[in-house]
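S.K.: Take a look at the following structure, please.
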Amino acid sequence: MDNHQKRNLTFLIIGLIFLLSGIEYAVILPTIWRYLQILEAPPYFLGLGLAAFSLSGLLTGPLFGLWSDRSRTTKTIILFANLFEIVGNFMYFMGYSKWLLLCSRLVAGVGAGAGSSIFGFLTRSTRPDERAGVFAAIMACRQAGLLVGPAFNLFLRLCDFKLGPFVVNMYTSPGIFMCLLWILLQFVVLAFYWDIPPLSSTEGGFAMVEMKEEEDVPLVGSEGEPAYSYSAVNSDQSENEASSEIPPFHGPPPSPFKNFSASREFLREEVVVLLTAQFITLFNQTALETMVTPLTQRNFSFGELSNSLMYSLCGVEVILGFFFVRWLSSKVADRAVLATGLVICCAACIWCLIFLTNPQGGYTWELSAFIIGVFLQLLGLPFVAVSQVSLFSKVTAEKTQGFSQGVSRSVGGLATILGPLWAGGLTNNLYIMLGMMLALLTMITIMMAFSYGRLTEPTAVQCAQSSDSGG
């Protein structure tokens with residue numbers, strides 16, 4: 001099997017990982033509230049349980065990214081992280097107490113932190129012009145999991161038997177079901193996942209940057225890539241001698257974090273804009289998700305079936321949106337896709353602020369206004385999500401991409417924690433909730449407009465700056 005086939009198969013396994021993460025969310029979310037009630041948990045435990053998963057991913061994402069940058073491997077990290085998913089979901093299945101249930105989501109969330117390593121791997125394994133399309137397909141896999149997940153609940157809710165000392169019912173069965181799926185994934189990853197080498201063009205880019213960083217070091221002590229470039233003017237015999245002398249002098253490859261500065265990497269204008277876009281988009285998305293169910297119950301008397309149908313249709317729209325953005329990203333620049341998404345999100349928020357805060361005109365008009373508002377909100381989501389991740393991978397250093405993606409996902413995790421907390425107490429005061437969301441969207445749109453020229457791949461600029469500083 002050649003590298004191209006291994007690459008495609010590895011990408012397919014990554015899509016499967018994100019599919020399972022979407023299924024897990026979809027099978028546990030509908031039942032966790034009733035599960036907590038059976039365990040006599042107070043209402044605030046629902047928020048704690050949902051936040052615990054995000055909190056674990058927030059804290060472990062940069063650590064897994066750091067590991068992948070140093071080791072240049074992701075297979076071991078995925079296998080290790082999946083152990084937490086397996087253990088966490090089995091704890092959820094046991095369900096002896098509300099505290100064990102809370103800890104189960106905390107443990108399972110550690111496994112989600114491996115996403116930073118995966119996005120770092122994808123960055124190193126794709127060309128810049130194809131990266132947004134790959135990211136869009138991977139994100140669509142998670143949305144597909146969210147879409148098909150409720151179908152599994154149709155048979156999980158029928159479970160009613162004992163497995164040794166454990167009771168298997170509609171509330172505990174999602175835990176053992178996901179536990180088995182993650183175990184199966186372990187074998188799939190072992191068999192069909194490869195740590196394929198980075199693209200040669202990417203490695204060449206590293207060599208150029210690292211050569212300038214090492215110019216002050218004597219030639220004998222320089223890194224492998226610069227040594228080869230200098231010895232190229234000599235004879236073949238000299239090249240072989242230089243190659244044979246490198247291992248004893250150099251040992252393991254240099255750390256990707258040599259000369260790395262977090263402030264220099266993350267406090268640049270374009271990086272701040274993209275991290276802010278990440279936070280605001282996910283903050284608004286989770287706030288709306290929190291608001292939708294109470295709103296449909298109060299205004300339209302939606303029950304479980306109606307809400308399930310609504311979420312299914314929303315999932316279809318988002319998946320189609322991701323594949324449209326996948327196509328669009330090959331035609332236009334990522335920053336143009338980001339600008340389009342922010343404009344759509346602003347328009348959606350203005351629509352909701354006008355028509356949903358004080359509904360008038362009868363049931364049909366109110367429902368139509370609600371559907372249009374939700375449609376616009378979901379329409380803008382793939383534009384912002386894909387372009388933000390793709391641009392972020394291009395404006396940050398590729399050799400520390402795992403750690404950088406971990407920081408980005410931690411910012412997103414913080415947003416998914418704060419969004420529901422903000423919206424949860426304001427479901428009856430939509431003016432304040434939607435007004436704040438519109439203010440945040442307006443702010444990031446203005447920031448993006450002022451920084452538009454910097455939201456592009458800076459390779460050529462960095463090389464020029466390196467040359468200047470070297471002189």
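The values are calculated or read from the model by the stated rules, or taken from the named source; none is laboratory data. This is a predicted model, so every value here is computed, not measured. As a convention, Cβ positions derive from the backbone with ideal geometry for all residues, glycine included, and neighbour counts pool all protein chains shown. Note: areas computed on protein heavy atoms with side chains; ligands, DNA, RNA excluded. Shrake-Rupley method; radii C 1.70, N 1.55, O 1.52, S 1.80 Å.
S.K.: Within region 418-431, can you find the residues that are surrounded by 13 or more Cβ atoms within 10 Å (Cβ to Cβ) and under 26 Å from LEU55 (Cβ atoms)?
M.R.: Within region 418-431, LEU418, GLY419, PRO420, LEU421, TRP422, ALA423, GLY424, LEU426, THR427 qualify.
S.K.: Being of a type in the set (A, V, I, L, M, F, W, C) and open to solvent by 60 Å² or more (accessible area, probe 1.4 Å) is the filter here; which residues of region 352-372 pass it?
M.R.: Scanning region 352-372 gives ILE354, PHE355, TRP365, ILE371, ILE372.
Each row is one residue, and each column tells you yes or no for (1) modelled with pLDDT of 95 or more; (2) under 16 Å from the mean Cα position of the chain (by Cα); (3) outside any helix (DSSP H, G or I).
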| position | (1), (2), (3) |
| --- | --- |
| THR73 | no, no, yes |
| THR76 | no, no, no |
| GLY88 | no, no, no |
| TYR92 | no, no, no |
| LEU100 | no, no, no |
| CYS103 | no, no, no |
| ILE118 | no, yes, no |
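S.K.: Has region 22-37 got any residue that is small (Gly, Ala, Ser), part of a helix (DSSP H, G or I) and either touching a Pro at 6+ places or on another chain (Cβ under 8 Å) or surrounded by 20 or more Cβ atoms within 10 Å (Cβ to Cβ) (or both)?
M.R.: yes
S.K.: Still on this structure: Being in contact (Cβ under 8 Å) with a residue 24 or more places away in the chain, assigned to a helix (DSSP H, G or I), touching a Pro at 6+ places or on another chain (Cβ under 8 Å) and surrounded by fewer than 17 Cβ atoms within 10 Å (Cβ to Cβ) narrows it down to one of PHE324, PHE375, so name that one.
M.R.: PHE324
S.K.: Output the number of the condition that ALA41 fails; it satisfies all remaining conditions of (1) surrounded by 19 or more Cβ atoms within 10 Å (Cβ to Cβ); (2) assigned to a helix (DSSP H, G or I).
M.R.: For ALA41, the exception is condition (2).
S.K.: Now, a different point. Within region 129-137, identify whether any single residue is in contact (Cβ under 8 Å) with a residue 24 or more places away in the chain and farther than 26 Å from ALA336 by Cβ, and answer yes or no.
M.R.: Taking every residue of region 129-137 in turn, none turns out to be in contact (Cβ under 8 Å) with a residue 24 or more places away in the chain and farther than 26 Å from ALA336 by Cβ.
S.K.: Also: Have a look at LEU181, LEU158 and point out the one that is hydrophobic (A, V, I, L, M, F, W, C) and either at positive phi or in a helix (DSSP H, G or I) (or both).
M.R.: Every option except LEU181 fails the conditions.
S.K.: Given the conditions (1) under 24 Å from PHE135 (Cα atoms); (2) hydroxyl-bearing (Ser, Thr, Tyr); (3) touching a Leu at 6+ places or on another chain (Cβ under 7 Å), and given that THR357 satisfies all but one, which numbered condition is not satisfied?
M.R.: Single failed check for THR357: (1).
S.K.: State whether the residues of region 403-414 include one that is open to solvent by less than 40 Å² (accessible area, probe 1.4 Å) and more than 17 Å from the chain's Cα centre (by Cα).
M.R.: No: region 403-414 contains no residue that is open to solvent by less than 40 Å² (accessible area, probe 1.4 Å) and more than 17 Å from the chain's Cα centre (by Cα).
S.K.: Mind listing whichever residues of region 152-186 are hydrophobic (A, V, I, L, M, F, W, C), closer than 20 Å to PHE18 by Cβ and modelled with pLDDT of 85 or more?
M.R.: PHE177, MET178, CYS179, LEU180, LEU181, TRP182, ILE183, LEU184, LEU185
S.K.: Something else about it: Here is a check on your reading of the model: is ILE17 closer than 18 Å to THR172 by Cβ and crowded, with 20+ Cβ neighbours inside 10 Å?
M.R.: When the stated conditions are applied, ILE17 does not pass them.
S.K.: Moving to a separate point now. Starting from region 296-309, keep only residues that are loosely packed, with under 10 Cβ neighbours inside 10 Å and assigned to a helix (DSSP H, G or I), then list their pairs with residues that are at pLDDT 70 or above and not aromatic (Phe, Trp, Tyr) whose Cβ atoms are within a distance under 9 Å, requiring at least 6 positions of separation or different chains.
M.R.: Once the first residue is loosely packed, with under 10 Cβ neighbours inside 10 Å and assigned to a helix (DSSP H, G or I) and sits in region 296-309, its partners that are at pLDDT 70 or above and not aromatic (Phe, Trp, Tyr) give GLU304/PRO30.
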